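Okay, so here's the structure we're looking at.
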Amino acid sequence: MNCHCRDCQRETGSAYTAVLAVRSATFRVIQGKPKYFEITADSGHKTTRVFCANCGSPLFGLPGITPDMVTIRVGSLDDPSAFRPGQDIYTASAQPWDYMNPDLPKSLKLPNG
């Protein structure tokens, strides 16, 4: 999904973050020791940004609003070209200059969140 919340905009310095959501039970870090940074998101829930300790690149997030989910930053994948977003979320925070694919479903906030 493409997340348009203000926190994702701040993290990327852009209009949104492309994320691949997976169940936390199926996710594990197999190499390196990332750094963790906890903030209070616009939702009011704690969320953790996880980034590479060597270069600072965003890797994934641990959203407090959905603790059973890990949101992998698509740009951190070895081959991000395979990603196909299924929806735009937190569109209430989308910037007016951001062009969103009109074919994708829109949600003002995180579905089921």
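I'd like the FRET efficiency for L104 and K33, computed as 1/(1 + (r/R0)^6) with the beta carbon distance as r and R0 of 22 Å, rounded to 0.05.
Numbers: r = 35 Å, r/R0 = 1.60.
Given R0 = 22 Å and the Cβ-Cβ separation, E is 0.05.
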Practice task
Please give the length that would be gained between R23 and S76 if that part of the chain were fully extended, namely 0.36 nm times their separation in residues minus their C-alpha to C-alpha distance (nm, one decimal).
Solution key: 17.3 nm
Completion exercise
Candidates A21, A94, A53; GNM for the chain (alpha-carbon contacts under 10 Å) flags as most fluctuating A53
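So for the chain, averaging the separation of alpha carbon pairs under 8 Å that are six or more residues apart and normalising by length, what relative contact order in percent results? Kindly include the intermediate steps, with their values, before the conclusion.
Details: 202 pairs, mean separation 31.8, N = 113.
Once normalised by length, the contact order is 28 percent.
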Practice task
Could you work out how far apart the two model spin labels at S14 and T48 are, taking each label as a point 7 Å from the Cα in the direction of the beta carbon, and quote it in nm?
Solution key: 2.5
Problem - Estimated inter-spin distance, R6 and R84, nm [label 7 Å along Cα→Cβ] - result: 3.5
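Bear in mind that the values in this text are calculations on the coordinates, not laboratory data. Not measured: the values here are computed from a predicted model. Glycine also receives a Cβ, built like all others from the backbone with ideal geometry; neighbour counts cover every protein chain displayed.
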